[in-house]
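To keep things clear, I will list the structure first and then write my remarks on it.
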């Protein structure tokens, strides 16, 4: 049973007003905002629009019935969380905040008529449109890989069935097998994610299949929180993890899925389990609607996250080009608040408050060993820029209590962002 | 037990004891009036990412809503200057001017 409505999206009055070309009747209450995508970006935007101005009519369009978060999905792989515990309903947005939830797939944006069309043909007129579609995987970015091949070689870069598949493969592999994790070049969703994933797979292997090894075949020569991760691996999983940088032959050139073999710069490697994380672009609707640049991501005004390509359209989260901010759930949450403030002020004829952005990302090396990166950001002449002399990563030298404390804060952060986006 | 651990694990309890927070359940997320979103009110929304909302603050995170404004401001300045050890909050506090921290502390005290 679903609590979403597929039809009857508009009240009869609003629909009639639109048909008769009198959108101001429907707008009398404060304006109509349609949001595409119910992840951390879209859900936070919906909640904060209602917080800042309850009279705004907010409609959230989302394809999936529930939200399986990418953050904490690595803990499912490590066996310290189950999928159920990272699966959330969006009902509180409707019940507590009056957001209209529409289950459907955004297919096209008519910028001149200010209308979003869904796959089932329904058109949703808007005064402001927030596009938060996350990422699209470029399977073709790795020769030999495909959406079909992901049934055998999971990417697990969208949480859910892919996460469960990779977990099952880890459980089924023999002790002594090799696991390959292959992260893409920048930019991509969740820069520390592949390395936290390696940590969590190592946690599982160390405890259940201690003769096994992990090989990271990286397209890059450096990665997020690198010093912290590598020091953590050395102390917690000595000899278990090998990282091969792109410059040392780590870049994947081709995959032979049938033979579970990867061809990289250094040669061929066969593995029991392969986790291939392909390159990415902005979510399909952003690309199809012409909101993206040649690089596949959407350029935005750093003050408001308004699209550079379409009036009254905002792009937030992974899909956007956000300057110094990473593609993370925290960043999307923060950008959503800025957009909500900008839209609510604009619809009320007021000046929005100065934008401030924030990002905090925790990673677990073990269940009791957390590390973090944090940053505060402001709009600048060259895009969103980090406030100098602030933020940064956890100290390189810290005792076990400190790491344990950050592991506790990892749990706290998750509960916090869930409450802040969906509560 | 190390200094860090004291500052961390007991931080939430210490804050609560020090500032005499109001019960969480009694607080709703304070909505600014439409179109009257001040810089302080907006900046304060940033905190919710990790600290949760006034009605849903995670048990492992310090409760910041409804705190004493002066004491919270002093704490933030101490964190910023590393006079008070922290895992992450010092790094975050250094992203704001003293005036911005004061305004946020004042706003959070209104819950």
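The values are calculated or read from the model by the stated rules, or taken from the named source; none is laboratory data. Predicted, not measured: the structure shown is a model, and the values here were computed from it. We place every Cβ from the backbone using ideal geometry, glycine too, and count neighbours over all the protein chains shown.
Some values worked out for this structure:
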| read-out | value |
| --- | --- |
| Elements of type strands (runs of 3 or more DSSP E) in segment A:287-393, at least 3 residues being over 21 Å from residue A:127 (Cα atoms) and within 14 Å of chain B (Cβ to nearest Cβ) | A:357-366, A:369-380, A:383-386 |
| Tally of residues being more than 24 Å from residue A:253 (Cβ to Cβ) and crowded, with 18+ Cβ neighbours inside 10 Å across segment A:194-218 | 9 |
| Checking residue A:40 against (1) touching a helix residue (DSSP H, G or I) at 6+ places or on another chain (Cβ under 6 Å); (2) within 25 Å of residue A:157 (Cα to Cα); (3) not assigned by TED's automatic domain parsing to the domain that holds residue A:350, the condition it does not meet | (3) |
| Yes/no for residue A:107 being free of Cβ contacts under 8 Å to residues at least 12 places away in the same chain, in contact with a strand residue (DSSP E or B) (Cβ under 7 Å, 6 or more places away or on another chain) and within 12 Å of residue A:285 (Cβ to Cβ) | no |
| Identity of the residue in segment A:129-140, surrounded by fewer than 24 Cβ atoms within 10 Å (Cβ to Cβ) and over 17 Å from residue A:328 (Cα atoms), that ends up farthest from the chain's Cα centre (by Cα) | A:140 |
| Residue within segment A:113-130 that is touching a residue at least 24 places away in the same chain (Cβ under 8 Å), touching a helix residue (DSSP H, G or I) at 6+ places or on another chain (Cβ under 7 Å) and assigned to a loop (DSSP other than H, G, I, E, B) present | yes |
| Long-range neighbours under 6 Å by Cβ, at least six apart or interchain, first residue within 9 Å of chain A (Cβ to nearest Cβ) and touching a residue at least 12 places away in the same chain (Cβ under 8 Å) within segment B:83-99, second part of a loop (DSSP other than H, G, I, E, B) and crowded, with 17+ Cβ neighbours inside 10 Å | B:94/A:390 |
| Residue match in segment A:395-413 (condition: part of a strand (DSSP E or B), within 26 Å of residue A:234 (Cβ to Cβ) and in contact with a helix residue (DSSP H, G or I) (Cβ under 7 Å, 6 or more places away or on another chain)) | no |
| From A:280, A:236, A:226, residue being surrounded by fewer than 21 Cβ atoms within 10 Å (Cβ to Cβ), under 25 Å from the mean Cα position of the chain (by Cα) and touching a residue at least 12 places away in the same chain (Cβ under 8 Å) | A:226 |
| Evaluation of residue A:374 against (1) within 20 Å of the chain's Cα centre (by Cα); (2) closer than 21 Å to residue A:299 by Cα; (3) without any contact (Cβ under 8 Å) to a residue 24 or more places away in the chain (one fails), failing number | (2) |
| Single residue of segment A:318-344 satisfying the filter (over 30 Å from residue A:203 (Cβ atoms) and free of Cβ contacts under 8 Å to residues at least 60 places away in the same chain) that is surrounded by the fewest Cβ atoms within 10 Å (Cβ to Cβ) | A:342 |
| Condition met for residue A:221 (outside any strand (DSSP E or B) and surrounded by 23 or more Cβ atoms within 10 Å (Cβ to Cβ)) | no |
